[in-house]
Amino acid sequence: MATQIMNGMDLDKLEDFRTELQANPITLGLGAQSIWEGHSGRSTVHIGPYDLNGKHIDRKTRHYTIPYGAWREVEEAIGFVGPTDRAEPVEMALGAVAACLCNSIALNAQRHGIKLEGLEVNVHADVDPSVLFEVKGPESHTSCMPKISTEVKVKGDLTDEQLEKIQELVHYSPVHGMVEYANSVEAKVTRA
């Protein structure tokens, strides 16, 4: 039997992986570390090692460093000395939603016989920074970012049923799930 390759993926191996996942669930231990740079509102985030079913995997090619902060205009408005432009954490979270939606759709569409010719995901949120600056309390988070909107644009000769299936696939994205559904989040503060 010929190997089925679609959009850079071996569909037979994908199905084998899914079958194995049903029989033997796996756990990915993921994390990120943020180091304050000594300048209010700026940090550097490091992403690298992860765990796959308890096995620690650490490759230099997986070490990413991302400088976080805000936009020059906002830094100037709040009084930063030496304002600059940096990736803003909420933007990065929205970017993570967009990237994960692309992955969720692209990984699963082909299993349903949906041939994608292109895929674009746009994610948007209007954010009131009042909680960040302690003008409002943490209970106001949902009113300060009341809605996150996503728009998925799919290229290809698709039927209405295939578009409906892609709409369903949106909800299989783990990052989308992190913001769509309530998660148990624990915060602990200790001395360094």
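The values are calculated or read from the model by the stated rules, or taken from the named source; none is laboratory data. Because the structure is a prediction, the values reported are computed rather than measured. Backbone-built Cβ (ideal geometry, glycine too); neighbour counts: all protein chains shown.
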| remark: Going through segment 96-124 in order, the residues found to be over 15 Å from His176 (Cβ atoms) and surrounded by fewer than 16 Cβ atoms within 10 Å (Cβ to Cβ) are Arg111, His112, Gly113, Lys115, Glu117, Gly118, Glu120
| If you go through segment 144-165 one residue at a time, do you hit one that is part of a helix (DSSP H, G or I), surrounded by 11 or more Cβ atoms within 10 Å (Cβ to Cβ) and in contact (Cβ under 8 Å) with a residue 40 or more places away in the chain? | yes
| Identity of the residue in segment 53-80, assigned to a helix (DSSP H, G or I) and β-branched (Val, Ile, Thr), that ends up surrounded by the most Cβ atoms within 10 Å (Cβ to Cβ) | Val74
| field | Residues located in segment 143-192, provided they are of a type in the set (Val, Ile, Thr), in contact with a strand residue (DSSP E or B) (Cβ under 9 Å, 6 or more places away or on another chain) and within 25 Å of Pro129 (Cβ to Cβ) | value | Ile148, Thr150, Val179
| note | Only one of Leu119, Leu14 is free of Cβ contacts under 8 Å to residues at least 40 places away in the same chain and either in contact with a helix residue (DSSP H, G or I) (Cβ under 6 Å, 6 or more places away or on another chain) or not small (Gly, Ala, Ser) (or both), namely Leu119
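Residue-wise test of (1) of a type in the set (Ser, Thr, Tyr); (2) part of a strand (DSSP E or B); (3) more than 30 Å from Gly113 (Cβ to Cβ).
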site: Asp12; (1), (2), (3): no, no, no
site: Arg18; (1), (2), (3): no, no, no
site: Ile26; (1), (2), (3): no, no, no
site: Asp51; (1), (2), (3): no, yes, yes
site: Gly82; (1), (2), (3): no, no, yes
| Residues of segment 88-142 being under 30 Å from Asp160 (Cβ atoms) and in a loop (DSSP other than H, G, I, E, B), which ones? | Gly113, Ile114, Lys115, Leu116, Glu117
| request: Check Leu30 against each of (1) surrounded by 15 or more Cβ atoms within 10 Å (Cβ to Cβ); (2) not assigned by TED's automatic domain parsing to the domain that holds Leu119 and name the one condition it does not meet. | output: (1)
| field | segment 75-133 - residue that is β-branched (Val, Ile, Thr) and over 14 Å from the mean Cα position of the chain (by Cα) and, of those, farthest from Ser43 (Cα to Cα) | value | Ile114
| Is it the case that Ala96 is of a type in the set (A, V, I, L, M) and modelled with pLDDT of 95 or more? | yes
| said: Quick check on my filter: what residues within segment 171-185 are within 9 Å of Val97 (Cβ to Cβ) and part of a loop (DSSP other than H, G, I, E, B)? | reply: Ser173
